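Below you'll find the structure, written out as C-alpha coordinates, and then a few comments.
The values are calculated or read from the model by the stated rules, or taken from the named source; none is laboratory data. This is a predicted model, so every value here is computed, not measured. Virtual Cβ from ideal backbone geometry, glycine too; neighbours counted across all protein chains shown. To get the accessible areas, we keep the full protein, side chains included, count just its heavy atoms, and leave off ligands, DNA and RNA. Shrake-Rupley method; radii C 1.70, N 1.55, O 1.52, S 1.80 Å.
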Amino acid sequence: MAAPDSQRTDDWWRDAVIYQVYPRSFADGDGDGTGDLAGVRARLPHLAELGVDAVWFTPWYVSPLVDGGYDVADYRTIDPAFGTLGEAEKLIAEARELGIRTIVDIVPNHVSDQHAWFRAALEAGPGSPERERFHFRPGRGEHGELPPNDWPSQFSGRTWTRVPDGEWYLHLFTPEQPDLNWAHPEVRREHEDVLRFWFERGVAGVRIDSAALLAKDPALADFVEGVDPHPYIDQDELHDIYRSWRRVADEFGGVFVGEVWLPDAERFARYLRPDELHTAFNFNFLSCPWQADRLRRTIDDTLAEHAPVGAPATWVLCNHDVTRTVTRYGREDTGFDFAKKAFGTPTDLALGTRRARAAALLTLALPGSVYLYQGEELGLPEADIPRERIQDPMHFRSGGVDPGRDGCRVPLPWAADAPYCGFGSETEPWLPQPEGWAAYAADRQSADPASMLSLYREALRLRRSTEGFGDGPLDWLPAPEGVLAFRRAGGTVCVVNLSAAPVDLPAHRAVLLVSGALDGSGRLPADTAVWLRA
Ligand code: NOJ
(Lines give C-alpha, C1' and ligand atoms only; values in the text may rest on other atoms or scores of the structure.)
Protein backbone atom coordinates (compact mmCIF):
# COMPACT_ATOMS: atom_id res chain seq x y z
CA MET A 1 0.00 0.00 0.00
CA ALA A 2 1.37 3.44 -0.91
CA ALA A 3 2.16 5.79 1.94
CA PRO A 4 -0.37 8.61 2.07
CA ASP A 5 0.77 12.12 1.25
CA SER A 6 0.61 13.22 4.84
CA GLN A 7 3.28 10.62 5.71
CA ARG A 8 5.79 12.34 3.51
CA THR A 9 5.59 15.74 5.08
CA ASP A 10 6.78 17.07 8.42
CA ASP A 11 3.31 18.12 9.42
CA TRP A 12 1.67 14.71 8.94
CA TRP A 13 0.08 15.12 12.36
CA ARG A 14 -2.07 18.06 11.26
CA ASP A 15 -4.53 15.78 9.50
CA ALA A 16 -3.56 12.26 10.54
CA VAL A 17 -5.94 9.45 11.46
CA ILE A 18 -4.40 7.95 14.59
CA TYR A 19 -5.45 4.52 15.81
CA GLN A 20 -5.28 3.83 19.53
CA VAL A 21 -3.99 0.41 20.53
CA TYR A 22 -4.62 -0.82 24.06
CA PRO A 23 -1.99 -3.59 23.89
CA ARG A 24 -3.52 -5.79 26.57
CA SER A 25 -6.70 -6.19 24.51
CA PHE A 26 -5.62 -5.84 20.89
CA ALA A 27 -4.27 -9.31 19.98
CA ASP A 28 -2.60 -12.10 21.89
CA GLY A 29 0.50 -13.44 20.14
CA ASP A 30 1.62 -16.00 22.72
CA GLY A 31 -1.74 -17.40 23.76
CA ASP A 32 -1.53 -16.53 27.46
CA GLY A 33 -4.76 -14.50 27.62
CA THR A 34 -3.13 -11.06 27.46
CA GLY A 35 -2.56 -9.06 24.31
CA ASP A 36 1.06 -8.35 23.44
CA LEU A 37 3.46 -6.85 20.91
CA ALA A 38 3.68 -10.09 18.94
CA GLY A 39 -0.10 -9.85 18.54
CA VAL A 40 0.16 -6.27 17.30
CA ARG A 41 2.92 -7.16 14.84
CA ALA A 42 0.82 -9.96 13.42
CA ARG A 43 -2.16 -7.62 13.00
CA LEU A 44 -0.33 -4.70 11.40
CA PRO A 45 -1.86 -5.60 8.01
CA HIS A 46 -5.30 -4.87 9.51
CA LEU A 47 -4.14 -1.35 10.39
CA ALA A 48 -2.54 -0.82 7.00
CA GLU A 49 -5.67 -1.97 5.22
CA LEU A 50 -7.78 0.27 7.44
CA GLY A 51 -5.54 3.09 6.26
CA VAL A 52 -4.44 4.77 9.48
CA ASP A 53 -1.45 7.11 9.57
CA ALA A 54 -0.22 6.39 13.08
CA VAL A 55 -0.76 4.19 16.09
CA TRP A 56 -0.81 5.41 19.68
CA PHE A 57 0.05 2.67 22.18
CA THR A 58 -1.30 3.08 25.69
CA PRO A 59 1.50 2.27 28.19
CA TRP A 60 3.48 -0.86 27.43
CA TYR A 61 6.11 -0.40 30.12
CA VAL A 62 6.86 -2.56 33.15
CA SER A 63 3.90 -2.13 35.44
CA PRO A 64 2.02 -3.97 38.19
CA LEU A 65 -1.09 -3.05 36.12
CA VAL A 66 -2.99 -1.61 39.04
CA ASP A 67 -4.29 1.05 36.66
CA GLY A 68 -4.01 -0.76 33.33
CA GLY A 69 -0.35 0.25 32.84
CA TYR A 70 -0.77 3.89 33.89
CA ASP A 71 1.25 2.87 36.94
CA VAL A 72 4.70 2.69 35.39
CA ALA A 73 7.57 1.02 37.23
CA ASP A 74 10.16 1.59 34.49
CA TYR A 75 9.64 3.91 31.53
CA ARG A 76 12.45 2.38 29.47
CA THR A 77 11.48 -1.29 29.62
CA ILE A 78 8.58 -3.15 28.03
CA ASP A 79 6.50 -5.24 30.43
CA PRO A 80 7.47 -8.90 29.90
CA ALA A 81 3.75 -9.70 29.54
CA PHE A 82 3.82 -7.59 26.35
CA GLY A 83 7.29 -8.45 25.03
CA THR A 84 10.73 -6.91 24.93
CA LEU A 85 12.29 -3.61 23.96
CA GLY A 86 13.78 -5.32 20.91
CA GLU A 87 10.30 -6.33 19.83
CA ALA A 88 8.99 -2.82 20.34
CA GLU A 89 11.79 -1.54 18.11
CA LYS A 90 10.89 -4.09 15.45
CA LEU A 91 7.25 -3.15 15.72
CA ILE A 92 8.04 0.55 15.31
CA ALA A 93 10.13 -0.23 12.22
CA GLU A 94 7.63 -2.65 10.66
CA ALA A 95 4.78 -0.22 11.16
CA ARG A 96 6.82 2.55 9.57
CA GLU A 97 7.41 0.36 6.54
CA LEU A 98 3.64 0.17 6.15
CA GLY A 99 3.42 3.96 6.38
CA ILE A 100 2.28 3.92 10.01
CA ARG A 101 4.00 6.07 12.63
CA THR A 102 4.18 5.25 16.32
CA ILE A 103 3.11 7.35 19.28
CA VAL A 104 4.01 6.23 22.80
CA ASP A 105 2.25 7.18 26.00
CA ILE A 106 4.24 8.96 28.71
CA VAL A 107 2.83 9.19 32.22
CA PRO A 108 4.58 12.11 33.92
CA ASN A 109 2.17 12.94 36.75
CA HIS A 110 2.82 9.80 38.75
CA VAL A 111 4.82 6.57 38.83
CA SER A 112 4.01 3.12 40.16
CA ASP A 113 4.70 2.53 43.84
CA GLN A 114 7.06 -0.16 42.49
CA HIS A 115 9.19 2.43 40.66
CA ALA A 116 12.78 2.57 41.98
CA TRP A 117 12.38 6.21 43.02
CA PHE A 118 9.37 5.54 45.19
CA ARG A 119 10.86 2.46 46.81
CA ALA A 120 13.96 4.48 47.60
CA ALA A 121 11.80 7.25 49.03
CA LEU A 122 10.01 4.86 51.34
CA GLU A 123 13.26 3.38 52.50
CA ALA A 124 15.11 6.66 52.99
CA GLY A 125 12.53 8.08 55.36
CA PRO A 126 11.29 11.56 56.29
CA GLY A 127 13.44 14.55 55.34
CA SER A 128 15.50 12.56 52.78
CA PRO A 129 16.32 13.87 49.30
CA GLU A 130 14.62 10.72 47.92
CA ARG A 131 11.30 11.88 49.34
CA GLU A 132 11.63 15.28 47.68
CA ARG A 133 10.87 13.79 44.28
CA PHE A 134 7.35 13.12 45.58
CA HIS A 135 4.94 15.02 47.79
CA PHE A 136 5.53 13.64 51.28
CA ARG A 137 4.13 15.64 54.20
CA PRO A 138 3.31 15.22 57.85
CA GLY A 139 -0.39 14.86 58.55
CA ARG A 140 -2.71 17.29 60.23
CA GLY A 141 -4.45 16.69 63.54
CA GLU A 142 -2.92 16.23 66.95
CA HIS A 143 -1.01 13.11 65.97
CA GLY A 144 -0.73 13.70 62.26
CA GLU A 145 -3.59 11.31 61.75
CA LEU A 146 -5.38 13.49 59.19
CA PRO A 147 -4.29 13.92 55.57
CA PRO A 148 -2.27 17.07 54.80
CA ASN A 149 -5.06 18.57 52.71
CA ASP A 150 -8.53 17.83 51.40
CA TRP A 151 -7.87 17.50 47.67
CA PRO A 152 -10.47 15.41 45.87
CA SER A 153 -9.13 12.46 43.90
CA GLN A 154 -9.54 11.97 40.17
CA PHE A 155 -10.72 8.44 41.06
CA SER A 156 -12.99 9.12 44.07
CA GLY A 157 -11.67 8.63 47.59
CA ARG A 158 -8.61 10.16 49.21
CA THR A 159 -5.53 11.62 47.58
CA TRP A 160 -3.21 10.88 50.52
CA THR A 161 -1.88 7.63 51.98
CA ARG A 162 0.05 7.33 55.23
CA VAL A 163 3.25 5.29 55.37
CA PRO A 164 4.42 3.42 58.49
CA ASP A 165 6.79 6.20 59.61
CA GLY A 166 3.80 8.56 59.87
CA GLU A 167 4.28 10.72 56.75
CA TRP A 168 1.66 10.92 54.04
CA TYR A 169 2.20 10.99 50.26
CA LEU A 170 0.03 12.50 47.57
CA HIS A 171 -1.61 10.48 44.79
CA LEU A 172 -4.27 12.04 42.59
CA PHE A 173 -5.20 8.55 41.37
CA THR A 174 -4.73 5.28 43.31
CA PRO A 175 -2.35 4.87 46.28
CA GLU A 176 -0.23 2.73 43.93
CA GLN A 177 0.35 5.83 41.75
CA PRO A 178 2.33 8.35 43.85
CA ASP A 179 2.48 11.82 42.29
CA LEU A 180 5.87 13.20 41.31
CA ASN A 181 7.04 16.61 42.48
CA TRP A 182 7.42 18.60 39.29
CA ALA A 183 9.16 21.45 41.10
CA HIS A 184 12.14 19.08 41.46
CA PRO A 185 14.82 19.47 38.74
CA GLU A 186 15.57 15.73 38.67
CA VAL A 187 11.96 14.95 37.83
CA ARG A 188 12.14 17.28 34.86
CA ARG A 189 15.51 15.99 33.72
CA GLU A 190 14.44 12.36 33.96
CA HIS A 191 11.37 12.88 31.81
CA GLU A 192 13.27 14.74 29.14
CA ASP A 193 15.66 11.79 29.05
CA VAL A 194 12.74 9.39 28.72
CA LEU A 195 11.40 11.43 25.81
CA ARG A 196 14.80 11.25 24.10
CA PHE A 197 14.97 7.51 24.78
CA TRP A 198 11.77 6.90 22.82
CA PHE A 199 12.40 9.43 20.08
CA GLU A 200 15.78 7.76 19.53
CA ARG A 201 13.91 4.50 19.02
CA GLY A 202 12.01 5.98 16.12
CA VAL A 203 8.72 7.01 17.65
CA ALA A 204 7.07 9.95 15.93
CA GLY A 205 5.09 11.26 18.84
CA VAL A 206 4.23 11.15 22.50
CA ARG A 207 0.85 11.20 24.17
CA ILE A 208 1.07 12.95 27.53
CA ASP A 209 -1.06 11.42 30.24
CA SER A 210 -2.93 13.73 32.64
CA ALA A 211 -1.06 16.61 31.06
CA ALA A 212 -2.80 19.38 33.01
CA LEU A 213 -2.22 17.85 36.46
CA LEU A 214 1.58 17.73 36.93
CA ALA A 215 2.17 21.05 38.67
CA LYS A 216 0.78 21.51 42.18
CA ASP A 217 0.16 24.56 44.30
CA PRO A 218 3.46 24.70 46.29
CA ALA A 219 1.57 25.33 49.54
CA LEU A 220 -0.63 22.26 48.87
CA ALA A 221 -3.46 24.45 50.20
CA ASP A 222 -6.96 23.06 50.64
CA PHE A 223 -9.25 23.01 47.64
CA VAL A 224 -11.84 25.77 47.68
CA GLU A 225 -14.74 25.28 45.27
CA GLY A 226 -14.91 27.99 42.62
CA VAL A 227 -11.59 29.62 43.58
CA ASP A 228 -8.98 29.96 40.84
CA PRO A 229 -6.42 28.70 40.24
CA HIS A 230 -7.32 25.13 41.10
CA PRO A 231 -4.52 23.75 43.35
CA TYR A 232 -3.62 20.97 40.92
CA ILE A 233 -5.38 21.47 37.59
CA ASP A 234 -3.95 23.76 34.92
CA GLN A 235 -1.31 25.51 37.03
CA ASP A 236 0.67 28.13 35.09
CA GLU A 237 4.00 26.36 35.77
CA LEU A 238 3.03 23.63 33.33
CA HIS A 239 3.71 25.80 30.33
CA ASP A 240 7.38 26.11 31.17
CA ILE A 241 7.61 22.32 31.45
CA TYR A 242 6.03 21.85 28.02
CA ARG A 243 8.17 24.53 26.44
CA SER A 244 11.26 22.56 27.41
CA TRP A 245 9.64 19.30 26.26
CA ARG A 246 8.98 20.97 22.93
CA ARG A 247 12.65 21.74 22.52
CA VAL A 248 13.39 18.04 23.00
CA ALA A 249 10.72 17.00 20.50
CA ASP A 250 12.05 19.51 17.98
CA GLU A 251 15.47 17.83 18.08
CA PHE A 252 13.76 14.77 16.58
CA GLY A 253 10.83 16.23 14.67
CA GLY A 254 8.56 14.53 17.22
CA VAL A 255 5.08 15.67 18.14
CA PHE A 256 2.92 15.75 21.25
CA VAL A 257 -0.70 15.12 21.96
CA GLY A 258 -1.77 16.16 25.42
CA GLU A 259 -4.48 14.61 27.51
CA VAL A 260 -5.90 17.93 28.63
CA TRP A 261 -9.41 17.78 30.13
CA LEU A 262 -10.21 21.49 30.40
CA PRO A 263 -13.61 22.82 29.37
CA ASP A 264 -12.29 26.42 29.30
CA ALA A 265 -11.37 27.00 25.65
CA GLU A 266 -8.92 29.82 26.26
CA ARG A 267 -7.02 27.91 28.97
CA PHE A 268 -7.01 24.79 26.77
CA ALA A 269 -5.55 26.65 23.80
CA ARG A 270 -2.65 27.95 25.90
CA TYR A 271 -1.17 24.41 25.79
CA LEU A 272 -1.18 24.57 22.00
CA ARG A 273 0.87 27.71 21.53
CA PRO A 274 3.55 27.24 18.87
CA ASP A 275 6.33 26.51 21.39
CA GLU A 276 4.30 24.03 23.49
CA LEU A 277 2.24 20.96 22.52
CA HIS A 278 1.33 20.29 18.90
CA THR A 279 -2.15 18.95 19.67
CA ALA A 280 -4.45 17.93 22.51
CA PHE A 281 -7.44 15.62 22.66
CA ASN A 282 -10.78 17.26 22.05
CA PHE A 283 -12.77 15.96 24.99
CA ASN A 284 -15.52 18.53 24.54
CA PHE A 285 -16.37 16.82 21.26
CA LEU A 286 -16.17 13.36 22.83
CA SER A 287 -18.51 14.42 25.65
CA CYS A 288 -21.01 16.20 23.41
CA PRO A 289 -24.49 14.67 23.07
CA TRP A 290 -25.84 13.60 19.68
CA GLN A 291 -27.66 16.87 19.03
CA ALA A 292 -27.11 19.07 16.00
CA ASP A 293 -27.04 22.43 17.81
CA ARG A 294 -24.71 21.19 20.55
CA LEU A 295 -22.36 19.52 18.06
CA ARG A 296 -22.34 22.58 15.84
CA ARG A 297 -21.44 24.78 18.79
CA THR A 298 -18.69 22.40 19.90
CA ILE A 299 -17.23 22.27 16.40
CA ASP A 300 -17.33 26.05 16.06
CA ASP A 301 -15.81 26.59 19.51
CA THR A 302 -13.11 24.03 18.79
CA LEU A 303 -12.11 25.67 15.53
CA ALA A 304 -12.27 29.16 17.03
CA GLU A 305 -10.12 28.23 20.02
CA HIS A 306 -7.45 26.52 17.89
CA ALA A 307 -7.19 29.19 15.19
CA PRO A 308 -5.32 31.89 17.17
CA VAL A 309 -2.55 29.46 18.19
CA GLY A 310 -2.34 27.85 14.75
CA ALA A 311 -2.86 24.31 16.09
CA PRO A 312 -5.03 21.75 14.31
CA ALA A 313 -8.08 20.40 16.12
CA THR A 314 -8.38 16.74 17.05
CA TRP A 315 -11.66 14.80 16.86
CA VAL A 316 -12.21 12.01 19.33
CA LEU A 317 -15.30 9.85 19.83
CA CYS A 318 -13.94 7.24 22.21
CA ASN A 319 -10.91 5.94 24.10
CA HIS A 320 -9.98 3.38 26.74
CA ASP A 321 -11.52 5.47 29.52
CA VAL A 322 -14.99 6.17 28.14
CA THR A 323 -18.16 4.37 27.09
CA ARG A 324 -18.10 2.80 23.61
CA THR A 325 -19.71 5.04 21.01
CA VAL A 326 -22.48 2.72 19.78
CA THR A 327 -23.63 2.18 23.37
CA ARG A 328 -23.50 5.85 24.34
CA TYR A 329 -25.36 7.04 21.23
CA GLY A 330 -28.10 4.47 21.81
CA ARG A 331 -28.92 5.82 25.26
CA GLU A 332 -31.38 8.45 26.26
CA ASP A 333 -28.51 10.67 27.45
CA THR A 334 -26.03 10.55 24.58
CA GLY A 335 -23.37 12.76 26.19
CA PHE A 336 -20.42 11.36 28.13
CA ASP A 337 -19.73 12.21 31.76
CA PHE A 338 -17.61 10.12 34.17
CA ALA A 339 -19.87 11.18 37.02
CA LYS A 340 -22.93 9.67 35.35
CA LYS A 341 -21.58 6.17 34.71
CA ALA A 342 -23.86 3.53 36.21
CA PHE A 343 -24.64 -0.17 35.89
CA GLY A 344 -27.56 -1.17 33.74
CA THR A 345 -28.13 2.02 31.72
CA PRO A 346 -30.42 0.90 28.89
CA THR A 347 -29.34 1.38 25.30
CA ASP A 348 -30.72 0.77 21.81
CA LEU A 349 -27.70 -0.65 19.98
CA ALA A 350 -29.27 -0.50 16.52
CA LEU A 351 -29.92 3.21 16.96
CA GLY A 352 -26.52 3.78 18.56
CA THR A 353 -24.79 1.99 15.71
CA ARG A 354 -26.63 4.04 13.10
CA ARG A 355 -25.54 7.21 14.86
CA ALA A 356 -21.97 5.98 15.36
CA ARG A 357 -21.74 5.33 11.62
CA ALA A 358 -22.96 8.85 10.91
CA ALA A 359 -20.59 10.24 13.55
CA ALA A 360 -17.68 8.47 11.84
CA LEU A 361 -18.35 10.36 8.61
CA LEU A 362 -18.85 13.62 10.50
CA THR A 363 -15.61 13.22 12.44
CA LEU A 364 -13.53 12.19 9.44
CA ALA A 365 -14.78 15.18 7.44
CA LEU A 366 -13.82 17.81 10.04
CA PRO A 367 -10.60 19.83 9.77
CA GLY A 368 -7.72 18.38 11.76
CA SER A 369 -6.66 14.96 12.98
CA VAL A 370 -8.84 12.08 14.14
CA TYR A 371 -8.32 9.50 16.90
CA LEU A 372 -9.84 6.08 16.43
CA TYR A 373 -9.91 3.75 19.43
CA GLN A 374 -9.40 0.04 18.70
CA GLY A 375 -12.66 -1.78 18.13
CA GLU A 376 -14.53 1.35 17.11
CA GLU A 377 -13.93 0.30 13.51
CA LEU A 378 -15.77 -2.93 14.42
CA GLY A 379 -18.64 -1.06 16.09
CA LEU A 380 -18.04 -2.87 19.39
CA PRO A 381 -20.53 -2.08 22.13
CA GLU A 382 -19.62 -1.45 25.76
CA ALA A 383 -19.54 -4.87 27.44
CA ASP A 384 -21.18 -5.62 30.77
CA ILE A 385 -18.36 -7.17 32.76
CA PRO A 386 -19.54 -9.52 35.52
CA ARG A 387 -18.74 -7.82 38.82
CA GLU A 388 -16.38 -10.56 39.93
CA ARG A 389 -14.25 -10.07 36.79
CA ILE A 390 -13.92 -6.27 36.98
CA GLN A 391 -10.33 -5.07 37.27
CA ASP A 392 -10.55 -1.30 36.97
CA PRO A 393 -9.61 0.64 40.14
CA MET A 394 -12.21 3.29 39.26
CA HIS A 395 -14.88 0.70 40.06
CA PHE A 396 -13.37 -0.30 43.41
CA ARG A 397 -12.64 3.25 44.51
CA SER A 398 -16.23 4.26 43.84
CA GLY A 399 -17.38 1.63 46.32
CA GLY A 400 -18.68 -0.50 43.48
CA VAL A 401 -21.07 2.17 42.15
CA ASP A 402 -19.13 3.07 38.99
CA PRO A 403 -18.92 0.10 36.58
CA GLY A 404 -15.44 1.28 35.66
CA ARG A 405 -13.75 1.28 32.29
CA ASP A 406 -13.29 -2.42 31.56
CA GLY A 407 -16.40 -2.51 29.37
CA CYS A 408 -14.52 -0.70 26.58
CA ARG A 409 -11.32 -2.73 27.07
CA VAL A 410 -12.54 -6.21 26.15
CA PRO A 411 -10.20 -8.30 23.95
CA LEU A 412 -10.94 -7.73 20.27
CA PRO A 413 -12.77 -10.30 18.13
CA TRP A 414 -10.68 -11.09 15.05
CA ALA A 415 -12.12 -14.37 13.74
CA ALA A 416 -15.72 -15.43 14.31
CA ASP A 417 -15.11 -19.17 14.38
CA ALA A 418 -11.85 -19.32 16.34
CA PRO A 419 -11.54 -19.79 20.12
CA TYR A 420 -12.07 -16.51 21.98
CA CYS A 421 -13.08 -14.97 18.65
CA GLY A 422 -9.54 -15.19 17.33
CA PHE A 423 -8.04 -12.93 19.99
CA GLY A 424 -5.22 -15.46 19.99
CA SER A 425 -5.56 -16.81 23.51
CA GLU A 426 -5.40 -20.48 24.33
CA THR A 427 -6.76 -19.75 27.77
CA GLU A 428 -9.57 -17.40 28.87
CA PRO A 429 -8.51 -13.79 28.11
CA TRP A 430 -7.92 -11.36 31.00
CA LEU A 431 -11.40 -9.87 30.50
CA PRO A 432 -14.30 -12.04 29.34
CA GLN A 433 -15.74 -11.49 25.87
CA PRO A 434 -19.51 -11.17 26.05
CA GLU A 435 -21.88 -13.51 24.29
CA GLY A 436 -22.41 -12.56 20.66
CA TRP A 437 -18.90 -11.06 20.33
CA ALA A 438 -18.24 -13.24 17.25
CA ALA A 439 -20.79 -11.21 15.29
CA TYR A 440 -18.36 -8.28 15.45
CA ALA A 441 -15.32 -10.27 14.33
CA ALA A 442 -13.05 -8.50 11.87
CA ASP A 443 -13.02 -11.45 9.43
CA ARG A 444 -16.80 -11.47 9.22
CA GLN A 445 -16.99 -7.71 8.75
CA SER A 446 -14.22 -7.69 6.20
CA ALA A 447 -16.39 -9.70 3.82
CA ASP A 448 -19.49 -7.55 4.37
CA PRO A 449 -19.69 -4.27 2.42
CA ALA A 450 -22.36 -3.00 4.83
CA SER A 451 -20.24 -3.52 7.96
CA MET A 452 -18.77 -0.85 10.21
CA LEU A 453 -15.30 -2.02 9.17
CA SER A 454 -16.07 -1.56 5.48
CA LEU A 455 -17.47 1.91 6.21
CA TYR A 456 -14.32 2.97 8.06
CA ARG A 457 -12.04 1.53 5.38
CA GLU A 458 -13.88 3.31 2.61
CA ALA A 459 -14.10 6.58 4.56
CA LEU A 460 -10.37 6.55 5.28
CA ARG A 461 -9.58 5.72 1.67
CA LEU A 462 -11.69 8.61 0.42
CA ARG A 463 -10.33 10.96 3.07
CA ARG A 464 -6.82 10.32 1.82
CA SER A 465 -7.53 10.42 -1.85
CA THR A 466 -9.90 13.39 -1.93
CA GLU A 467 -8.51 16.89 -1.93
CA GLY A 468 -9.54 19.21 0.92
CA PHE A 469 -10.12 16.77 3.77
CA GLY A 470 -7.99 17.05 6.90
CA ASP A 471 -6.56 20.42 7.87
CA GLY A 472 -8.06 23.52 6.22
CA PRO A 473 -11.21 25.63 6.14
CA LEU A 474 -14.78 24.48 6.74
CA ASP A 475 -17.84 26.38 5.47
CA TRP A 476 -21.24 25.75 6.97
CA LEU A 477 -24.10 25.45 4.49
CA PRO A 478 -27.71 26.38 5.13
CA ALA A 479 -29.57 23.33 6.48
CA PRO A 480 -32.91 22.50 8.10
CA GLU A 481 -33.13 22.32 11.86
CA GLY A 482 -31.37 19.26 13.26
CA VAL A 483 -29.11 18.92 10.22
CA LEU A 484 -25.39 19.72 9.95
CA ALA A 485 -24.08 20.54 6.49
CA PHE A 486 -20.65 21.87 5.58
CA ARG A 487 -18.29 22.09 2.65
CA ARG A 488 -14.55 21.40 2.66
CA ALA A 489 -12.08 23.22 0.42
CA GLY A 490 -11.94 20.49 -2.22
CA GLY A 491 -15.70 20.77 -2.74
CA THR A 492 -16.76 17.74 -0.69
CA VAL A 493 -19.95 18.35 1.26
CA CYS A 494 -20.82 16.47 4.45
CA VAL A 495 -24.45 16.35 5.57
CA VAL A 496 -25.47 14.75 8.86
CA ASN A 497 -29.14 14.34 9.67
CA LEU A 498 -29.71 14.41 13.43
CA SER A 499 -33.41 15.26 13.05
CA ALA A 500 -36.21 12.71 13.30
CA ALA A 501 -37.25 12.75 9.61
CA PRO A 502 -35.56 12.27 6.22
CA VAL A 503 -34.21 15.44 4.56
CA ASP A 504 -33.52 16.43 0.98
CA LEU A 505 -29.87 16.59 -0.04
CA PRO A 506 -28.31 19.79 -1.40
CA ALA A 507 -27.53 19.85 -5.14
CA HIS A 508 -24.62 17.53 -5.90
CA ARG A 509 -22.86 15.74 -8.71
CA ALA A 510 -22.19 12.46 -6.92
CA VAL A 511 -22.70 10.63 -3.69
CA LEU A 512 -19.29 9.56 -2.41
CA LEU A 513 -20.31 7.64 0.72
CA VAL A 514 -23.40 7.19 2.90
CA SER A 515 -23.36 5.89 6.47
CA GLY A 516 -26.68 4.10 5.84
CA ALA A 517 -28.83 4.15 2.72
CA LEU A 518 -30.67 7.02 1.06
CA ASP A 519 -34.43 6.47 0.96
CA GLY A 520 -36.44 5.72 -2.19
CA SER A 521 -36.72 9.44 -2.98
CA GLY A 522 -32.99 10.04 -2.55
CA ARG A 523 -33.44 11.68 0.83
CA LEU A 524 -31.10 11.30 3.81
CA PRO A 525 -32.80 9.35 6.62
CA ALA A 526 -32.56 10.27 10.30
CA ASP A 527 -29.23 9.53 12.04
CA THR A 528 -27.44 9.14 8.73
CA ALA A 529 -24.55 11.07 7.15
CA VAL A 530 -23.39 11.44 3.58
CA TRP A 531 -20.37 12.76 1.71
CA LEU A 532 -21.25 14.44 -1.58
CA ARG A 533 -19.27 15.85 -4.45
CA ALA A 534 -20.82 19.28 -4.94
C1 NOJ B 1 -5.64 9.02 31.98
C2 NOJ B 1 -5.60 7.66 31.37
O3 NOJ B 1 -6.19 7.72 30.10
C4 NOJ B 1 -6.32 6.75 32.32
O5 NOJ B 1 -6.54 5.49 31.77
C6 NOJ B 1 -5.53 6.67 33.60
O7 NOJ B 1 -6.25 5.92 34.56
C8 NOJ B 1 -5.28 8.06 34.19
N9 NOJ B 1 -4.88 9.03 33.20
C10 NOJ B 1 -4.19 8.01 35.24
O11 NOJ B 1 -2.94 7.79 34.63
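What the table below lists for this structure:
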quantity: Length added when fully stretched, His184-His143, from 0.36 nm per residue minus Cα-Cα; calculated: 11.9 nm
quantity: Heavy-atom surface of region 1-102, accessible at 1.4 Å and reported per residue (Å²); calculated: 33 Å²
quantity: Difference of contour (0.36 nm per residue) and Cα-Cα distance, Phe396 to Asp384; calculated: 2.7 nm
quantity: Of Phe173, Val322, Leu498, farthest towards positive along the dipole that unit charges on Lys, Arg, Asp, Glu beta carbons give the chain; calculated: Leu498
quantity: Crossing angle, helix 85-97 versus the chain [Cα axis fit, 0-90 degrees, rounded to tens]; calculated: 20 degrees
quantity: Degrees, to the nearest 10: 452-465 long Cα axis against longest axis of the chain; calculated: 80 degrees
quantity: Cα shape, region 116-170, gyration tensor, a/c 1.5 rule; calculated: oblate
quantity: Whole-number Å³ per residue for the convex hull built on Cα positions in region 472-533; calculated: 79 Å³
quantity: Nitroxide proxy distance, nm - points 7 Å out along Cα→Cβ at Asp300 and Asp475; calculated: 1.8 nm
quantity: Relative contact order for the chain, counting Cα pairs under 8 Å that sit 6 or more residues apart, in percent; calculated: 13 percent
quantity: Table column - 3J(HN,Hα) (Hz), region 358-373, Karplus curve with 6.51, -1.76, 1.60, x for Gly and Pro; calculated: 5, 5, 4, 5, 4, 4, 6, 9, 7, x, x, 9, 10, 9, 10, 7
quantity: Only Lys, Arg (+1) and Asp, Glu (-1) charged, at Cβ; region 1-108 dipole about Cα centre in debye; calculated: 160 debye
quantity: His184 accessible area, 1.4 Å probe, all protein chains in place, Å² to nearest 10; calculated: 30 Å²
quantity: Arg509 versus Leu349: modelled label distance in nm, points set 7 Å from Cα along the beta carbon direction; calculated: 4.2 nm
quantity: Charge dipole (the chain, unit charges on Cβ, about Cα centre) - positive-most of Gly468, His143, Pro434; calculated: Gly468
quantity: Rounded to whole Hz, the Karplus (6.51, -1.76, 1.60) HN-Hα couplings of region 275-281, x for glycine and proline; calculated: 9, 10, 7, 6, 8, 8, 5
quantity: Gain in span if fully extended, Ser446 to Arg523, counting 0.36 nm per residue against the direct Cα distance; calculated: 24.9 nm
quantity: Other-chain or far-sequence residues with amide H under 5 Å of Trp56's (modelled H); calculated: Tyr19, Gln20, Val21, Ile103
quantity: Length-normalised contact order for region 116-170 - Cα pairs under 8 Å, 6+ apart - percent; calculated: 31 percent
quantity: Amide H contacts of Phe134 (H built 1.01 Å from N, under 5 Å, at least 5 apart or other chain); calculated: Asn181
quantity: Leu455 accessible area, 1.4 Å probe, all protein chains in place, Å² to nearest 10; calculated: 10 Å²
quantity: Contact order relative to length of region 298-361, as percent, for alpha carbon pairs under 8 angstrom and 6 or more apart; calculated: 29 percent
quantity: Cα-based radius of gyration of the chain once divided by 2.2 N^0.38 Å, which approximates compact folds; calculated: 0.97
quantity: Protein accessible area in the chain, 1.4 Å probe - carbon and sulfur %; calculated: 50 percent
quantity: Region 433-531: GluC sites (Glu not before Pro) in DSSP coil with no more than 10 other Cβ atoms inside 10 Å; calculated: Glu435, Glu481
quantity: Distance between region 430-459 and region 305-358 - C-alpha centres, whole angstrom; calculated: 19 Å
quantity: Part-to-part distance (alpha-carbon centres) for region 87-145 and region 228-252, which is given in Å; calculated: 17 Å
quantity: Relative pair counts by distance (%), Cα atoms of region 189-240, 10 Å bins; calculated: 21, 39, 24, 13, 2
quantity: FRET efficiency for Glu467 and Asp250, using Cβ-Cβ distance with R0 set to 22 Å, rounded to 0.05; calculated: 0.15
quantity: Electrostatic dipole magnitude of the chain [Cβ: Lys, Arg +1; Asp, Glu -1; Cα centre; debye, to 20]; calculated: 1480 debye
quantity: In order through region 195-205: 3J(HN,Hα) via Karplus (6.51 cos²θ - 1.76 cosθ + 1.60), integer Hz, x for Gly, Pro; calculated: 4, 4, 3, 7, 4, 5, 8, x, 6, 9, x
quantity: Ala48-Asp150 FRET efficiency (beta carbon distance; Förster radius 41 Å; 0.05 resolution); calculated: 0.20
quantity: Heavy-atom accessible area ranking, 1.4 Å probe, most first, across Ile233, Ile208; calculated: Ile233, Ile208
quantity: Residues whose placed amide H lies under 5 Å from that of Arg76, excluding near-sequence neighbours; calculated: none
